[in-house]
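Engineer: Let me begin by handing over the structure; questions about it come next.
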Amino acid sequence: MALYAFKKGDWVKGTSRDGELVRGYVVSVNQLQDVMKVYVNNSDNEKIIGKETWLLMKTAEILPIVSPSSEDEFLFLIDLSLATRDYEWFMELTEKLQTKKELKEFFIQQPLRRK
């Protein structure tokens, strides 16, 4: 048995047991069988998008974490957190978006001054 570092909530890409290319997030991990259940966000088989499927751990890899930079990206991820019922992620994203808006307002209201 191989040991993999996959955990619930990780964004991954890999190949399903049926050979489909899959991108999504980990719903559960079965270390004994070296598989994980993934909610499919994108795939070469459109019929499985929005559903859960099993990925072989040896054919999968964790996707790099990318931080949202625009308000639209934040809003998209907030919608995704609601769709996945991930309360902690929702709170984290809304807090970061609010901070970003407050900083933007602060700098807009503060005129630039030359020394």
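Engineer: Looking at (1) farther than 18 Å from Trp89 by Cα; (2) out of contact with any strand residue (DSSP E or B) (no Cβ under 6 Å at 6 or more places or on another chain), which is the only condition Gly14 fails?
Structural biologist: (2)
Engineer: While we're looking at this one, here's another question. Condition check: of a type in the set (A, V, I, L, M, F, W, C) and assigned to a strand (DSSP E or B). Does Val40 satisfy that? Walk me through it before giving the result.
Structural biologist: Values: of a type in the set (A, V, I, L, M, F, W, C): yes; assigned to a strand (DSSP E or B): yes.
Yes; evaluated as a whole, the condition is true for this residue.
Engineer: Please find, among Thr53, Thr59, the residue that is hydroxyl-bearing (Ser, Thr, Tyr) and either at pLDDT below 90 or farther than 21 Å from Ala83 by Cβ (or both). Let's see the steps before the verdict.
Structural biologist: Values: Thr53 fails: either at pLDDT below 90 or farther than 21 Å from Ala83 by Cβ (or both).
Exactly one residue qualifies, and that residue is Thr59.
Engineer: Take Val35 and tell me if it is under 30 Å from Glu95 (Cα atoms) and of a type outside the set (Ser, Thr, Tyr). Break it down into steps so the answer makes sense when it comes.
Structural biologist: Details: under 30 Å from Glu95 (Cα atoms): no; of a type outside the set (Ser, Thr, Tyr): yes.
So Val35 fails the test.
Engineer: On the basis of being under 15 Å from Ala83 (Cα atoms) and either out of contact with any Leu (no Cβ under 6 Å at 6 or more places or on another chain) or buried (at least 17 other Cβ atoms within 10 Å of the Cβ) (or both), does Gly24 make the cut?
Structural biologist: Numbers: under 15 Å from Ala83 (Cα atoms): yes; either out of contact with any Leu (no Cβ under 6 Å at 6 or more places or on another chain) or buried (at least 17 other Cβ atoms within 10 Å of the Cβ) (or both): yes.
The answer is yes for Gly24.
Engineer: I need a count of the residues in the range 1-37 that are part of a strand (DSSP E or B) and under 12 Å from the mean Cα position of the chain (by Cα).
Structural biologist: Initially, the range 1-37 is screened for residues part of a strand (DSSP E or B), giving 11-16, 21-30, 35-37.
Now drop any that are not under 12 Å from the mean Cα position of the chain (by Cα), which leaves 11-13, 23-27.
The number of residues fulfilling the criteria is 8.
Engineer: Looking at (1) surrounded by 15 or more Cβ atoms within 10 Å (Cβ to Cβ); (2) of a type outside the set (S, T, N, Q); (3) at pLDDT below 90, which is the one condition that is false for Lys13?
Structural biologist: Just one mismatch for Lys13, condition (3).
The values are calculated or read from the model by the stated rules, or taken from the named source; none is laboratory data. In this text, all values refer to a predicted model and were calculated from it rather than measured experimentally. Glycine gets a Cβ as well: all are built from the backbone with ideal geometry, and neighbour counts include every protein chain shown.
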